[in-house]
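The values are calculated or read from the model by the stated rules, or taken from the named source; none is laboratory data. All values derive from a computational prediction rather than experimental measurement. All Cβ positions, even for glycine, are placed from backbone atoms using ideal geometry, and neighbour counts span all protein chains on display.
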Amino acid sequence: MASSLIAIFFFFFFFIFYGSFSLALNSDGLSLLALKAAIDSDPSGVLASWSESDATPCRWPGVVCTRGRVTDIYLPNRGFSGYLPSELGHLDSLRRLGLAHNNFSRPIPVHLFKAYSLIVLDLSRNSLSGPVPAQIADLKSLRHLDLSSNLLNGSLPDALGDLQSLVGTLNLSYNRFSSGIPPSYGRIPVPVSLDLRHNNLTGRIPQVGSLLNQGPTAFAGNPSLCGFPLETQCPEAQDPKLSRGTTAGEEGENPLKPLNSNPSFDEEVRERNGNGGSVTVPIISGVSVVIGALSVSVWLFRRRWNSCGGDGEGKNGRNERKLERGGDDVAEEEEGQKGKFVVMDEGFGLDLEDLLRASAYVVGKSRNGIVYRVVAGVGKGSAATPTTIAVRRLSEGDATWRFKDFEGEIDAIGRVHHPNIVRLRAYYYANDEKLVVTDFIRNGSLYAVLHGGPSNSLPPLSWSARLKIAQGTARGLMYIHEYTPRKYVHGSLKSTKILLDDDLQPYISGFGLARLVSGSSKLTSSASRRQNSSSSIVTSGLKVSAPSTVYLAPEARIPGSKFTQKCDVYSFGIVLLEILTGKLPDEGPENDGKGLEGFVRKAFREERPLSEIIDPALLHEVHAKKQVVAAFHIALNCTEIDPEIRPRMKTVSESLDRIKLQ
């Protein structure tokens with residue numbers, strides 16, 4: 001009897017001790033409870049269900065887990081007040097932390113930067129104060145950093161120049177940072193959108209590295225900053241010989257004399273442009289700032305000089321596209337030397353003179369060139385009506401184009417009209433400059449809306465908005481494939497090439513540009529011209545030239561392979577997965593580097609909860625679960641390894657259109 005009582009005692013002791021231990025909240029949950037305890041105000045009550053009695057925090061609102069570990073915390077615009085606890089740094093699997101639009105105060109804790117897996121950190125629009133700890137450089141995987149609209153002060157952290165994984169946003173605007181811009185910021189990768197607006201920064205902007213590629217808007221609102229690309233000259237750069245009062249001497253006699261055609265961004269040229277010594281300065285102050293390897297001001301002066309000195313070249317009108325077709329190479333060479341501005345759309349009211357007078361701002365950079373938002377006036381004087389357009393300066397790439405060949409390519413692009421494809425309005429051709437003018441779509445790219453960007457002011461997309469974007473994009477791509485005369489392919493579809501208007505209507509951009517800058521576009525012989533004449537823009541004859549590999553179909557990643565319409569279908573599938581998950585397309589290192597497609601496919605195979613896969617911003621839209629799952633299946637069909645199994649875009653579009661909102 002005694003032995004039985006002892007056994008029962010030990011059984012209950014074992015059950016109580018080990019049973020309670022097994023039900024205890026894991027370490028990730030304890031770190032999140034520290035965040036809950038640090039929050040003084042929770043108006044929406046979203047944290048009420050965060051309980052220490054749970055075994056895991058993976059079902060808590062605003063929390064996403066993978067394999068039982070917290071990977072995402074997404075709680076923007078909740079009205080929280082309080083501070084950020086150091087315990088957040090213990091979340092060693094945390095990849096995304098989004099606490100924007102709240103009222104967190106106090107300094108950012110140093111230990112937060114021990115969450116080494118972070119790739120997205122968005123603490124914008126809070127009341128955080130103090131300097132940014134240098135330990136932020138320990139976040140080697142960080143891709144997007146947004147600390148804008150806080151009360152942060154001190155010097156800009158020099159260590160940010162060491163964040164070489166940044167690909168999207170580095171936003172420190174609307175704070176109280178002081179002193180100068182560290183030269184190390186020139187090491188920030190070129191594609192990154194740097195935003196230092198409205199601080200108390202002082203001194204000369206360093207003329208190094210990627211800082212040369214930033215437009216003036218990146219530095220606006222800092223009255224004590226000076227130097228290129230701002231119009232404000234640094235005091236030591238003032239030179240009375242270059243003032244507006246110059247009326248004699250070499251500088252005043254020949255406006256072409258001061259300009260240097262050497263693509264080395266000569267310091268003297270920059271200083272003269274900033275001083276405003278000529279009639280072309282209004283656009284130079286905006287456009288020339290974005291080219292790190294070529295002085296656009298040289299181009300503008302030369303083009304304006306040529307257009308004013310001869311037979312009226314540079315004016316709009318379809319008659320300008322009529323060339324001598326007799327193969328006169330001399331005449332064509334003269335065309336390339338002078339430059340030619342051609343309007344594709346008769347309703348387009350701007351000419352080259354309007355563009356020369358316009359203000360321009362950098363809005364994007366890619367391997368196809370640099371894109372400017374250009375605000376130009378239609379008409380003369382006070383009656384001029386402001387018009388906003390997009391101007392893309394094509395990179396030279398490996399392509400060598402004669403004017404007739406370039407004209408044929410660009411005309412083919414201009415004939416593609418669809419409500420979900422960006423409209424080509426005009427182009428400019430010269431031997432050393434090629435510009436493409438299109439409509440400007442004001443809400444930026446789908447990439448910026450999903451993953452953050454300095455120009456993005458939109459709230460998280462609802463399910464209805466995401467479905468609308470997916471359906472519209474599919475229709476546009478289907479039109480390129482099915483209803484254009486030569487059944488083109490896009491060749492470079494990605495979320496950065498999908499633009500959104502005020503109604504979140506999607507527009508596919510970049511159609512045909514891959515060929516214009518592709519190495520496969522060299523037309524150096526009549527044989528190669530004949531070979532490409534049947535595939536004017538981008539058909540199956542276009543060879544791959546290294547677009548973003550995460551969007552690239554497996555069969556197209558082989559050097560020298562052909563790009564087909566089924567490759568476009570794969571790219572669209574990756575974009576659709578981005579829309580559904582809110583994740584970056586190359587996420588998924590735990591899946592042997594297979595990226596987002598591998599992550600989603602594995603999650604469905606393992607029958608994981610949908611809450612672990614979809615964008616946390618969609619978790620509250622439980623009514624749309626069946627529609628979301630249907631869209632996932634379409635995306636997975638598009639990203640099949642075997643291109644023969646992938647559906648045509650017509651089938652994809654029809655399948656998406658069958659998903660009806662409830």
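Tally the residues that are more than 13 Å from Met344 (Cβ to Cβ) and surrounded by fewer than 18 Cβ atoms within 10 Å (Cβ to Cβ), restricting the search to region 411-420. Reasoning before the result, please.
In the first step, residues of region 411-420 are kept if they are more than 13 Å from Met344 (Cβ to Cβ); the result is 418-420.
Right, trim to surrounded by fewer than 18 Cβ atoms within 10 Å (Cβ to Cβ) and you get 419.
Adding up the residues that qualify gives 1.
May I ask you to verify whether Arg373 is charged (D, E, K, R), modelled with pLDDT of 75 or more and over 17 Å from Leu513 (Cα atoms)?
yes
Is at least one residue of region 448-466 at pLDDT 85 or above and closer than 20 Å to Arg648 by Cα?
no
Being farther than 12 Å from Leu467 by Cα and in contact with a helix residue (DSSP H, G or I) (Cβ under 6 Å, 6 or more places away or on another chain) is the filter here; which residues of region 620-633 pass it?
Glu621, the sole residue that qualifies.
When region 94-147 is examined, which residues are found to be in a loop (DSSP other than H, G, I, E, B), under 16 Å from Pro616 (Cβ atoms) and of a type in the set (A, V, I, L, M, F, W, C)?
Leu94, Leu99, Ala100, Leu118, Ile119
Pick out, from region 172-224, the strands (runs of 3 or more DSSP E) lying fully within it that include 3 or more residues that are within 17 Å of the chain's Cα centre (by Cα) and closer than 26 Å to Pro107 by Cβ.
Working: elements: 176-179, 193-195, 200-204.
In region 172-224, the matching strands (runs of 3 or more DSSP E) lie at 193-195.
Quick one: count up the residues across region 36-49 that are surrounded by 15 or more Cβ atoms within 10 Å (Cβ to Cβ) and more than 13 Å from Trp60 (Cα to Cα).
As a first pass, look at region 36-49 and keep what is surrounded by 15 or more Cβ atoms within 10 Å (Cβ to Cβ): 36, 38-39, 42, 46-47.
Filter again for more than 13 Å from Trp60 (Cα to Cα), leaving 38-39, 42.
Going through region 36-49 one residue at a time, the tally reaches 3.
Of all residues in region 181-190, how many are at pLDDT 90 or above and buried (at least 16 other Cβ atoms within 10 Å of the Cβ)?
Pass one, region 181-190, residues at pLDDT 90 or above: 181-185.
Filter once more, so that each one left must be buried (at least 16 other Cβ atoms within 10 Å of the Cβ): 181-182, 184-185.
Residues meeting the conditions: 4.
Yes/no per residue for (1) surrounded by fewer than 20 Cβ atoms within 10 Å (Cβ to Cβ); (2) outside the structural domain of Leu577 (by TED's automatic domain parsing); (3) not basic (Lys, Arg):
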site	(1), (2), (3)
Glu409	no, yes, yes
Val422	no, yes, yes
Ala426	no, yes, yes
Ala430	yes, yes, yes
Glu433	yes, yes, yes
Val436	no, yes, yes
Arg442	yes, yes, no
Ala465	yes, no, yes
Gly472	no, no, yes
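Within the set of pairs 6 or more residues apart or between chains, which connect a residue that is under 22 Å from Ser86 (Cβ atoms) and among the small types (Gly, Ala, Ser) inside region 38-50 to a residue that is at pLDDT 90 or above and part of a loop (DSSP other than H, G, I, E, B) with Cβ atoms less than 9 Å apart?
Ala38/Leu84; Ala38/Pro85; Ser41/Gly79; Ser41/Phe80
Is there a residue in region 589-608 that is within 19 Å of Ser464 (Cβ to Cβ), in a helix (DSSP H, G or I) and in the same structural domain as Gly476 (by TED's automatic domain parsing)?
Going residue by residue through region 589-608, those that are within 19 Å of Ser464 (Cβ to Cβ) are none.
Within region 589-608, none of the residues are within 19 Å of Ser464 (Cβ to Cβ), in a helix (DSSP H, G or I) and in the same structural domain as Gly476 (by TED's automatic domain parsing).
With in a helix (DSSP H, G or I) and among the small types (Gly, Ala, Ser) as the only criterion, which of Gly82, Gly89 stands out?
Unique residue meeting the criteria: Gly89.
Considering region 614-662 alone, what residues qualify as being closer than 22 Å to Leu552 by Cα, in contact (Cβ under 8 Å) with a residue 40 or more places away in the chain, surrounded by fewer than 17 Cβ atoms within 10 Å (Cβ to Cβ) and among the hydrophobic types (A, V, I, L, M, F, W, C)?
Scanning region 614-662 gives Leu636, Ile641.
Applying the selection to region 127-161, what residues are among the acidic types (Asp, Glu) and buried (at least 16 other Cβ atoms within 10 Å of the Cβ)? Spell out how you get there, then give the answer.
Looking only at region 127-161, we keep the residues that are among the acidic types (Asp, Glu), and these are 138, 146, 158.
Listed by number, the residues that qualify are Asp138, Asp146.
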